[in-house]
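Right, one structure below, let's go through it.
Laboratory data are not the source of any read-out in this text; all were calculated from the coordinates shown. Keep in mind that what you see is a predicted model, and the values were worked out from it rather than measured. Cβ placement follows ideal geometry from the backbone for every residue including glycine, while neighbour counts extend to all protein chains displayed.
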Amino acid sequence: MVDQKHRYGSSLRKYHEYWKSQPTPQNFFYWLDHGDGKEVELPECDRVRLEKEQVRYLSREERFNYLVMVDEQGLLRWAKNGEKVWTEGTLYKDSMKGIVPINDQGPTFHYNVHSEGRGSGSTSDSDEEDQPDRDDADKRYLNEDYHNAKGVAKLSKVGPAVAFNHLIRGRTKQGHKWIFVADTSFRLYVGIKQSGAFQHSSFLHGARISAAGLIKIKDGQLRNLAPLSGHYRPSAANFRSFIHNLQDEGTDMSRVSISKSFAVLIGTQIYTRTKRKMKDIETSLKHQKDNLEKVRERYEHEKGKSQSGETEREYLEEHGLDKERLQRQKKDKNLESKIVTKLGVRHKNNNSQKLEGGSPETRLDSVICRRVLVITN
């Protein structure tokens, strides 16, 4: 979702948190502007402030007023008039026509409201009173998870990103509010940061960039660069490419100092990559452990099947031998009957002969049958 009014993110988040607590099927921006939440007004950020704090996005024509070029001496000049760039708040201010001298009477931009001849560009008394609140809101917005955590849980939220954002807030509070953005073609734009009205995303509508941060220029000479941006987080490699491009264009770099924040940026990226690798290793080990568990379970299953099969085989072998023995006895009995029939011998069934062990003929027949069986087997 994109806010078509470009309202300030810190203010929107307050209403977004309230929206999440409501049982509504409406999406956030419809709920806020047209739906059930259009009459909602939060004490920490009233509707007047919500609608007033809208970030300015430059058109292509307006963007040209902030474009900076390098002259033959390596000094930075405004492309619109060829004057040297000087990032000094007591000498220059922002306006609808870009950076102008402090005494310029042209229209200024203040929270999405065009103000004719606002004078030195200073804010009103009420705006000055609101500024500390906005600064605190910005700080909470940048490190929201850290500030929302309580007690010991706060320690788990401390990381390079928190330190990086703390540097941003520290530098802007010290008055270093001149910001720069370099697009993907390394065109350099410079302006003045104004919380809730003008920020890094204002130059290019939040489009892709090669570098962004804070900048200091004195009488056209580049003095300081710091890759500090709350909206963008370009890589250290991109920032190096931006520096190399400045050198290739002949920029006077004799007195340039690169902020310590560049080292923090590198450290943040190393930390992030290391953390990602550790997570990948942990995931890989977990998968290996799961695979070992599956192999063990499969082995136990096969082992159980093997033991069960062995028991079954033993049972069949034991009972199979008994069955075979009975079949052999039956076969022998049938063969004996056939032999007796062939020889024409009849068993005598009188009781006296059975008691006396049978007649000599019967005993002879039995002997003959047994010998025949032995021979046949």
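For this structure, a couple of remarks:
- Selected from 35, 48, 2, residue furthest toward positive end of dipole (region 1-52; charges at beta carbon): 2
- Taken about its Cα centre, region 24-97 carries a charge dipole of about 380 debye when Lys and Arg each add +1 at the Cβ and Asp and Glu each add -1 at the Cβ.
- Label-point separation in nm, residue 72 to residue 18, each point 7 Å along Cα→Cβ: 6.1
- Each residue, residue 293 and residue 97, gets one label point 7 Å from its Cα in the Cβ direction; the gap between the two is 7.2 nm.
- Using bins of 5 Å that start at zero, the share of Cα-Cα pairs per bin across region 1-52 amounts to 5, 20, 37, 27, 11, 1, in whole %.
- Filter on 177/216; 52/216; 14/93; 84/216; 14/177; 93/218 - keep pairs with C-alpha separation over 19 Å: 52/216; 14/93; 14/177
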